[in-house]
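Chemist: I am attaching a structure below and will ask some questions about it afterwards.
The values are calculated or read from the model by the stated rules, or taken from the named source; none is laboratory data. The model shown is predicted, which means the values in this text are computed figures rather than measured ones. Note that each Cβ is placed from the backbone with ideal geometry, even for glycine, and that neighbours are counted across all protein chains shown. Accessible surface areas use protein heavy atoms only, side chains included; no ligands, DNA or RNA. Shrake-Rupley method; radii C 1.70, N 1.55, O 1.52, S 1.80 Å.
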Amino acid sequence: MQRVDFGFKKVTPEEKTELVRGVFSSVAARYDVMNDLMSLGSHRLFKRMTVEMSGVREGERVLDLAGGTGDLASLFAEVVGATGTVILADINADMMSVGRERLLNSGHAQVQFCQANGEQLPFADNSFHCLSIGFGLRNFTSKTTALAEFLRVLKPGGVLLVLEFSHPENPVIDAGYKLFQAFWPGMGKLLTRDSESYRYLVESIRVHPDQKALKIMMEDAGFEQVSYHNLISGVAAIHRAVKPLDLEEPVDGLQS
């Protein structure tokens, strides 16, 4: 029977899907507060950098996958404007509920919502100019399957942006980062009454592919112009890739 990583544990693919769903249902209400504490607020800057690297323009269509509480979707909505569309998709209804309330209260009426598994996206081929996923890829059961889906739903020339925790290249920073991570389960217990979800978070970061390995995975999936930009010496990284122009012709009605 196939086994996959859930942090340091090995579980079946079906078990991982349900376990990840449970993790984010448990922390949804205080997710943003914990993000600010764990990143010392830097995740907000990282997300702005991700949007700036996208090259997205007014009127375009963006899929924000694993969009959770809507940080990236909100930023993309400001760029695409009233004539564009941002779809926030997430497998977790509790996280998406928080995001929906925040975005609607902010007046981002062009943001749509879709509860979906990122490895089985309910969208037509060549549907989006950009697909972003912020701090979500490491939770996928099969990253290879997910990357194939990302390629499928992007338009030729469309951009994939993956913002994710990564692996510091400086050993001193790496040691300090791991020491800081040791406090996360305790912080989680204090603020969300859930230490185990943040223990999983630490473990999921440790087993996630490093920058170079993820770059190769994206290239193997069929993307081109794959690059990555380290943040804080690799504590996190933004991977950027493009769907080849000659891979498929865009479907009617979705041309730039």
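Chemist: Restricting the range 198-209 to residues that are crowded, with 21+ Cβ neighbours inside 10 Å and of a type in the set (Ser, Thr, Tyr), which is nearest to Gly7 (Cα to Cα)? Working first, answer last.
Modeler: Taking the range 198-209 and keeping what is crowded, with 21+ Cβ neighbours inside 10 Å, we get 198, 200-201, 205.
When the remaining residues are screened for being of a type in the set (Ser, Thr, Tyr), the result is 198, 200.
On the way: Tyr198: 10, Tyr200: 5 Å.
Result: Tyr200.
Chemist: If you scan the range 45-92, which residues turn out to be open to solvent by 30 Å² or more (accessible area, probe 1.4 Å), of a type outside the set (Gly, Ala, Ser) and farther than 17 Å from Val159 by Cβ?
Modeler: Across the range 45-92, the qualifying residues are Leu45, Glu78, Thr83, Ile91.
Chemist: Out of all the residues in the range 214-232, which are outside any strand (DSSP E or B), open to solvent by 40 Å² or more (accessible area, probe 1.4 Å) and within 19 Å of His167 (Cβ to Cβ)? Before you say what the answer is, go through the steps one by one.
Modeler: Initial filter on the range 214-232 (outside any strand (DSSP E or B)): 214-223, 232.
Filter again for open to solvent by 40 Å² or more (accessible area, probe 1.4 Å), leaving 215-217, 219-220, 232.
Those that are outside any strand (DSSP E or B), open to solvent by 40 Å² or more (accessible area, probe 1.4 Å) and within 19 Å of His167 (Cβ to Cβ): Lys215, Ile216, Met217, Glu219, Ile232.
Chemist: Can you find, within the range 138-192, the residue that is farthest from Met218 (Cα to Cα) among those that are of a type in the set (Phe, Trp, Tyr) and exposed (fewer than 15 other Cβ atoms within 10 Å of the Cβ)? First the steps, then the outcome.
Modeler: Here is the first cut: in the range 138-192, the residues of a type in the set (Phe, Trp, Tyr) are 140, 150, 165, 177, 180, 183-184.
Among the residues that remain, those that are also exposed (fewer than 15 other Cβ atoms within 10 Å of the Cβ) are: 180, 183.
Working: Phe180: 30, Phe183: 32 Å.
Ranking the qualifying residues of the range 138-192, first place goes to Phe183.
Chemist: For the range 95-116, state whether one or more residues are surrounded by fewer than 20 Cβ atoms within 10 Å (Cβ to Cβ), modelled with pLDDT of 95 or more and at positive phi.
Modeler: For the range 95-116, residues surrounded by fewer than 20 Cβ atoms within 10 Å (Cβ to Cβ), modelled with pLDDT of 95 or more and at positive phi: absent.
Chemist: If we keep just the residues of the range 131-149 that are touching a Lys or Arg at 6+ places or on another chain (Cβ under 8 Å) and outside any helix (DSSP H, G or I), which is nearest to Leu160 (Cα to Cα)? Full working, then the answer.
Modeler: So in the range 131-149, the residues touching a Lys or Arg at 6+ places or on another chain (Cβ under 8 Å) come out as 134, 137, 141.
If we keep only those that are outside any helix (DSSP H, G or I) as well, we get 134, 141.
Details: Gly134: 11, Thr141: 19 Å.
Here the answer is Gly134.
Chemist: Okay, moving on. Scan the range 233-251 for residues that are at pLDDT 95 or above and either crowded, with 17+ Cβ neighbours inside 10 Å or on the phi > 0 side of the Ramachandran plot (or both) and jot them down. Let's see the steps before the verdict.
Modeler: Within the range 233-251, the first condition is being at pLDDT 95 or above, and the residues that meet it are 237-244.
Selection gives Ala237, Ile238, His239, Arg240, Ala241, Val242, Lys243.
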